[in-house]
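Step one of this worksheet: look at the structure below.
Values in this text are rule-based calculations from the coordinates and carry no lab data. If you're wondering where the values come from, they're calculated on a predicted model, not measured in any experiment. Positions of Cβ are generated from backbone atoms using ideal geometry, with glycine treated the same way; all protein chains shown enter the neighbour counts.
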Amino acid sequence: MTVLVTGASGFVGLNLVEALLARGETVIGLDLRPPPEAAAALFRALPGRLVPLVGDVTEAASLDRAFAVAGPGAALAQMAAVTAGDARERTDPGLVARVNLGGTIEALAAAARHGARRVVVLSSVSVYGSNPPPAPTVDEVMTPAAPENLYAITKLAAERAGLRLAAVHGIPAVAVRLGSVWGPWEHDTGLRDTLSPLHAILAQAGPGTEVVLPPLYRDRARIDWIYARDAGEGLAALLAAPAFPHPVCNLGSGRSVTPVAMCEALARALPGFRWRFAGDGEEPTVPARYPVVRPPLALDRIRQTCSWQPRFADPDAAIADWLATAAR
Ligand SMILES: NC(=O)c1ccc[n+]([C@@H]2O[C@H](COP(=O)([O-])OP(=O)(O)OC[C@H]3O[C@@H](n4cnc5c(N)ncnc54)[C@H](O)[C@@H]3O)[C@@H](O)[C@H]2O)c1
């Protein structure tokens, strides 16, 4: 299989590229920037082949060049995005719409021009909003879409536009609502304003260090955190699925926990690592983000589509993998 991955040098993109290369696939990685050198070096040891291309997903010429390198019958993973925080919504809303929605429309048009075999459009759990109706799980059909910010609004618009254009051109497609990702390859691309609190926690993790959490995390940010390797492997499995029986499917860990669960797992794995909540007036060492409580994502549809299941839903398993990865 040859896969054109847009946004291939970003956090989730690198995890997808790694999973595809581990499966022996050929990957054309289109991004505004080449992959970080550490990733490129590690990827060279994997069985598949990566062709990184610098280009812009909003420009037809970049996409045509990438599809020409990929050859006919390639799959497309449309992932390039701008994850805007409040400040960027105020200063550059046009960029968010141009990349997230406009880029998806350009990518689908190019997929049709070049006879793409199938398309995975990366969407986000944010389309469900921060306050879904009470239910055991967040379900693709039963839970209403309620996007609250420009990022989520454009992700929902992009998933619908992507599915519509795929249908018009007769290309099998699925839109994937990915949970909140943490773990390997998270880095600041300059286009994602909401790095995960786990990124800050892992950056500080070490024996003899103490992480000071915002009190918010006593009960908030209780959401479906998915370990990045699971996210990459899930997307790779979807790209290889025999068919797409559902137009939209969730991709998550199937568990809702707060970042405290990862701190506790770190403390079990790393002797000397300590964490606590900030006291009154004390500055936490981790940003207070995601003031949300959301049930876990329903995973029935992805299980009906491909054989994937998360390997690292248990925080202890994820932390063990993260420590082994960091030691490489
Ligand atoms: N990180 C999460 O928790 C999460 C959760 C749900 C969905 N997603 C989705 O995952 C995808 C990747 O996001 P991420 O978290 O890895 O963000 P990221 O910022 O780490 O990666 C995005 C990549 O897209 C590239 N990009 C941006 N504009 C581009 C353009 N015009 N042309 C080409 N490349 C461009 C950036 O250079 C960057 O490498 C997005 O579609 C996002 O909506 C992420």
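Summarising the amide proton neighbourhood of residue 74: residues at separation of 5 or more, or on other chains, whose placed amide H is nearer than 5 Å comprise 117.
Quick check: Cα centre of the range 71-129 to Cα centre of the range 244-321, how many Å? Spelled out, the Cα-based centre of one part sits 25 Å from the other.
With distances taken between every two different alpha-carbon atoms, the range 187-328 has a Kirkwood hydrodynamic radius of 16.4 Å. Subtracting the Cα-Cα distance of residue 324 and residue 69 from 0.36 nm times their residue separation leaves 88.3 nm of extension gain.
Adding -39500 (n - 2.57) for every DSSP H run of four residues or longer, then dividing by how many residues the chain holds, sets the calculated 222 nm ellipticity at -11000 deg cm²/dmol.
Amide H contacts under 5 Å for residue 257: 223, 225, restricted to partners 5 or more places along the chain or on a different chain, H placed in the peptide plane at 1.01 Å from N. Packing, taken as the mean count of other beta carbons within 10 Å per residue, orders the peptides 88-97, 198-207 from highest to lowest as 198-207, 88-97. Considering only alpha-carbon pairs that sit under 8 angstrom and 6 or more positions apart, the relative contact order computed for the chain is 18 percent. Under 5 Å between amide hydrogens, built in the peptide plane, is the criterion, and for residue 181 it picks out 226 among residues at least 5 positions away or on other chains.
When the Debye formula is applied to the Cα atoms of the range 17-151, each taken as the same point scatterer, what base-10 log of I(q)/I(0) results at q = 0.15, 0.18 Å⁻¹? Evaluating at q = 0.15, 0.18 Å⁻¹ gives log10 I(q)/I(0) of -0.88, -1.09. Computed packing ranks the peptides 172-185, 35-48, 145-158, 305-318 as 172-185, 145-158, 305-318, 35-48, most packed first, by mean other Cβ atoms within 10 Å.
The residue list 208, 126, 225 was ranked by how far each Cα lies along the charge dipole of the range 122-226 toward its positive end, using unit charges on Cβ atoms, and 126 comes out on top.
Put a plus charge on the Cβ of each Lys and Arg, a minus charge on the Cβ of each Asp and Glu, and nothing anywhere else: the dipole of the chain about its Cα centre is then about 660 debye. Going out from 0 in 5 Å bins, what whole percent of all Cα-Cα distances in the range 283-328 drops into each bin? All Cα pairs considered, the percentages come to 5, 13, 13, 14, 23, 18, 9, 3, 1, 0.
Relative to the longest principal axis of the Cα atoms of the chain, helix 228-239 runs at roughly 20 degrees.
For the pair residue 169 and residue 113 in one chain, pulling the backbone fully straight at 0.36 nm per residue adds 19.2 nm over the alpha carbon distance. Relative to the longest principal axis of the Cα atoms of the chain, the long axis of helix 11-22 lies at roughly 70 degrees.
In order along the range 161-173, phi translates into HN-Hα couplings of 5, x, 5, 5, 5, 4, 5, 4, 9, x, 9, x, 8 Hz, rounded to whole numbers, per the Karplus curve 6.51 cos²θ - 1.76 cosθ + 1.60 with θ = phi - 60° and x for Gly and Pro. The HN-Hα couplings worked out from phi for the range 278-288 by the Karplus form 6.51 cos²θ - 1.76 cosθ + 1.60 (θ = phi - 60°) are 5, x, 4, x, 7, 7, x, 8, 10, x, 8 Hz, whole numbers, x standing for Gly and Pro.
Taking the Kirkwood radius as Rh and the Cα radius of gyration as Rg, the chain has a ratio of Rg/Rh equal to 0.96.
The range 30-97 gives an Rg/Rh value of 1.05, both radii derived from C-alpha positions and Rh following Kirkwood. Projected over every direction and averaged, the convex hull enclosing the alpha-carbon atoms of the range 70-217 yields 11.5 nm². Directionally averaged projected area (the range 248-328, Cα convex hull): 7.6 nm².
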